[in-house]
Amino acid sequence: MEKPFRIAATVFSVGAFVLGLGQGMTSFAAETAHSDGRVRSGDRISEASVPVPLPSGFQVIANELEGPVFADARGRTLYTWPFKSMRNGFAGDPKGKSVCEDKVTLKSAGLMSPYPPGLDLPKSDNRMSCTAFWPPVYADDDAKPVGNWTIITRDDGTMQWAYDGSAVYTSILDHEPGDVLGGTRLGRRGDSPAARYPIGPPPVVPPGFLVENTVRGRLLLTDERYSVYVSDGDGPNTSNCIDACARTWLPILAPHSAQPQGEWSVVERDRGVRQWAFRKKPLYTYYEDERPGQLEGGDMPGWHSVYTQVVPPAPEDFTIQKTLNGDVLADSHGKTVYYYSCGEDSFDMMPCDTMDSPQQYRFAVCGNSDVAKCLNTWPYVLASPGATSDTRLWSAVWVDPATGHEAQPNQPGALYVWAYRDRPVYTYALDEEPGDFFGNNAGEWHGRWNGYQAFWIRELGRQG
């Protein structure tokens, strides 16, 4: 059942700045580094974005994970559904057209071999149409295109806003202004569904840089996707990395035409040699990062990866464990935490990983449709009694373990469990020691279509 969208909510606000979160899990916040790596709620900042033209009533809202996102007048995040090639056909919206329809889909599409089309989808008696789940953002009759915003005509003759040519929607999964629960810009690898993505303005970065989503924050990279670092040994707008240091830590040079702007400044290294700095910290790449996406430089003492915005830490019930594959989120006993993801094999590509979704998919992959076996193999991560979270990414929720759906507080048999982005998280019965991650990639297509992934904070050789 759709939950009411609560307008009278407090939109995520931010305080003093955070420069970045290095691989050693240290942070710079209000000139204070926290030794346990936890970023306190008062230390958060939002990422600056480029001012862009917006249709009347639209706005930009800061989200803890996604950074700045576009929203409508009620604060509902805006999404697109990018066109994607599947194993047997295509899903998503082509440019200039919406294929999200009012018709309720009752049969599978057969987009993922070896599964055939025409199979009955679960909950056929109360399934929602695509437009009910993803309401189109309609344009008024007198609306005019502005900037990257255009207007497309739907098959029923109504007018819908589009961004960069892609039809725009909201999501019934979002409950409060600033929620981004309908999709994420975090990269999806391999055989994953054609997902919805939140849209937002470009970040404020000079030419030669980009910002990429990770579970730890909005990571600053070069435009070739090499990691960017700062040094504890540097002063404000002063580089002390010279000679041998500068041969290992390569200064990111600024052109002669570069001008300071906002949080970006230019450091004079030598006569005619200029270096970029962000939040007054000179920027470098690491000589031993051999390929894009590596973060090895952040493992070196005194050096840190740079984040334009840092994600708040998980609640106190969680720990971070070292594994052979990198750093992973774990419960209070050190057991690896997993998240479940699922997308239906339908032309609507409905999500099936929320508590409101049909649970047949999860029960099938976690216990061969045996609910008791599923609960024993993939137990929920229980929350401490009365546990709360100071971040909207994490919440403690009541769940009925027999159905997988949300329960009333203290309902008989209900469990109080942790959820990430409104989706419960789990441990795996066959993980015996801290650092085990035997449940990683369990499920269909390495767990990316319907299954479980370890909650990597950082995988070796790539960001999380």
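Here Leu173 does not qualify as closer than 13 Å to Ile199 by Cα, of a type outside the set (Asp, Glu) and assigned to a loop (DSSP other than H, G, I, E, B).
If the condition is being assigned to a loop (DSSP other than H, G, I, E, B) and without any contact (Cβ under 8 Å) to a residue 12 or more places away in the chain, then region 270-290 contributes Arg271, Glu290. Residues being touching a strand residue (DSSP E or B) at 6+ places or on another chain (Cβ under 6 Å) and in a strand (DSSP E or B) are represented in region 231-247 by at least one member. For Val230, are the conditions met, namely being among the β-branched types (Val, Ile, Thr) and touching a helix residue (DSSP H, G or I) at 6+ places or on another chain (Cβ under 9 Å)? Answer is no for this residue.
Comparison of Glu66, Glu101, Glu2 shows that the only residue that is under 27 Å from Ile457 (Cβ atoms) and either at pLDDT 60 or above or out of contact with any Pro (no Cβ under 7 Å at 6 or more places or on another chain) (or both) is Glu66. Here Phe363 fulfils each of the conditions (1) closer than 19 Å to Gly451 by Cα; (2) assigned to a loop (DSSP other than H, G, I, E, B); (3) not small (Gly, Ala, Ser) apart from (2). Of all the listed residues (Tyr169, Tyr197, Tyr138), the sole one being free of Cβ contacts under 8 Å to residues at least 24 places away in the same chain, outside the structural domain of Met349 (by TED's automatic domain parsing) and either among the aromatic types (Phe, Trp, Tyr) or surrounded by 20 or more Cβ atoms within 10 Å (Cβ to Cβ) (or both) is Tyr138.
Rundown of residues vs (1) touching a residue at least 40 places away in the same chain (Cβ under 8 Å); (2) within 20 Å of the chain's Cα centre (by Cα); (3) within 24 Å of Thr403 (Cβ to Cβ), yes/no style:
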| position | (1), (2), (3) |
| --- | --- |
| Gly297 | yes, no, no |
| Trp303 | yes, no, no |
| Pro313 | yes, yes, no |
| Gly326 | yes, yes, no |
| Lys335 | yes, no, no |
| Tyr339 | yes, yes, yes |
| Ser346 | yes, no, yes |
| Gln360 | yes, no, yes |
| Phe363 | yes, no, yes |
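Does Ser129 satisfy being of a type in the set (Ser, Thr, Tyr), on the phi < 0 side of the Ramachandran plot and at pLDDT 95 or above? Criteria met by Ser129.
For region 431-464, the set of residues classified as part of a loop (DSSP other than H, G, I, E, B) and small (Gly, Ala, Ser) consists of Gly435, Gly439, Gly447, Gly461, Gly464, listed by residue number. Among the residues of region 412-430, those that are under 13 Å from Cys366 (Cα atoms) and assigned to a loop (DSSP other than H, G, I, E, B) comprise Thr427, Tyr428, Ala429, Leu430. A single member of Thr391, Thr377, Thr427 is closer than 30 Å to Glu459 by Cα, over 24 Å from the mean Cα position of the chain (by Cα) and crowded, with 16+ Cβ neighbours inside 10 Å, and it is Thr377.
Taking strands (runs of 3 or more DSSP E) as the structural unit, those lying wholly within region 77-161 and holding at least 2 residues that are more than 27 Å from the chain's Cα centre (by Cα) correspond to 149-153.
The values are calculated or read from the model by the stated rules, or taken from the named source; none is laboratory data. Treat the numbers as computed from the prediction; the structure is a model and nothing was measured. Reconstructed Cβ throughout: ideal geometry from the backbone, glycine too, with neighbour counts over all protein chains shown.
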